[in-house]
């Protein structure tokens, strides 16, 4: 599929350098880099853990009012 992609200059430079290092075409390098980035993004979404806080009994002392912190000292 053909499409037009507008790249920032720094991204273009990095892709061209990567293509030279891989001894590959710019098109092939761009596709590979996009595939790699999409794979990483998918892994991050799948490995996201839900953060939960487990409540604990803190053992409030009888006879103290916990409504005002300034009265506790």
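No value in this document is a laboratory result; all are computed from the given coordinates. None of the values given here were measured: they were computed from a predicted structure. Positions of Cβ are generated from backbone atoms using ideal geometry, with glycine treated the same way; all protein chains shown enter the neighbour counts.
Structure values in brief
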quantity	calculated
In degrees, nearest ten, helix 26-46 long axis to first principal axis of the chain (Cα)	20
Helix-derived mean residue ellipticity, 222 nm - over the chain, DSSP H n ≥ 4, -39500 (n - 2.57), to 500	-16000 deg cm²/dmol
Structure-derived mean projected area of the Cα convex hull in nm²: which label, when the choices are (1) 5.0; (2) 4.4; (3) 11.7	(3)
Taking 7, 30, 12, 60 and counting other C-beta atoms within 10 Å, the order from fewest to most	60, 7, 12, 30
Principal-axis tilt of helix 9-22 within the chain, Cα atoms, nearest 10 degrees	70
Fewest-first ranking of 5, 11, using other Cβ atoms within 10 Å as the exposure measure	5, 11
